[in-house]
Amino acid sequence: MATPYVTDESGKYIAATQRPDGTWRKPRRVKDGYVPQEEVPVYENKYVKFFKSKPDLPPGMNPADAAQPKQQQQQKIPGCGESETAGLSKTAKRNMKRKEKRKQQHQSQDGNVDAEVESVRDAAAAATEKAKKIKNLKKKLRQVEELQQKMDSGEIKQPTKDQLEKLGRAKALQDELQQLERDS
């Protein structure tokens, strides 16, 4: 948008303009050679100028030749199977067929695989549960042994009720641990 200038005997003016809200701006006096900020061209360095002036086509290609493939693309019917595979190589077509087969096989085997996966998950979960229980029992037995050693050495002279209960469960813990180790 060019700024309208008014020349008068007292100098050059930017004419009064109306704001979007309906109010009027006063005319402004300017010096000769003044260019309003909105009309000052944006600075572009040499690199930007070079790439803007550079053509989009490869060197030596005729612009008319570049326009032909665009017209051919517009003639293709979207969603039509032949036009989708027409531009693909033999290998790409073969890969597409393989993908389709895999999808069909995966969908048909999906029900069988789900049942197998569930059974494997259940077995793995049971095994990890056993391993956790064995580890927990070994830890409790180790604590019982440490407590017994402290009582034998005289570190603990008066054991608490909880400590006595722990010592009393030692045999039951050993039996449970042996049974779990036999089962696994």
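Accessible surface calculations at 1.4 Å, restricted to protein heavy atoms, place the stretch 123-183 at 80 Å² per residue. Using the average count of surrounding beta-carbon atoms within 10 Å as a protection proxy, the listed peptides 173-179, 45-51 rank, highest first, as 173-179, 45-51. Using the Cβ-Cβ distance between residue 161 and residue 132 with R0 = 41 Å, the FRET efficiency computed as 1/(1 + (r/R0)^6) comes to roughly 0.90. Here the 3J(HN,Hα) profile of the stretch 94-107, calculated from phi with Karplus coefficients 6.51, -1.76 and 1.60 at θ = phi - 60°, is 4, 5, 4, 4, 4, 4, 4, 4, 4, 4, 5, 5, 5, 5 Hz, Gly and Pro shown as x.
For the stretch 33-39, backbone phi angles converted through the Karplus equation (6.51, -1.76, 1.60; θ = phi - 60°) give residue-by-residue couplings of x, 5, 10, x, 4, 5, 9 Hz, Gly and Pro being listed as x. Of the cross-linked pairs 12/49; 26/49; 135/161; 150/171; 130/171, those separated by over 29 Å at the C-alpha level are 12/49; 26/49. Partners of residue 90 within straight-line reach, counting aspartates and glutamates whose Cα lies under 17 Å from its Cα and excluding those fewer than 8 residues away in the same chain: 82, 100.
The values are calculated or read from the model by the stated rules, or taken from the named source; none is laboratory data. Quick caveat, the model's predicted, so the values are computed rather than measured. Note: ideal-geometry Cβ built from the backbone for every residue, glycine included; neighbour counts use all protein chains shown. Protein only, heavy atoms only, side chains kept; ligands, DNA and RNA dropped before computing areas. Shrake-Rupley method; radii C 1.70, N 1.55, O 1.52, S 1.80 Å.
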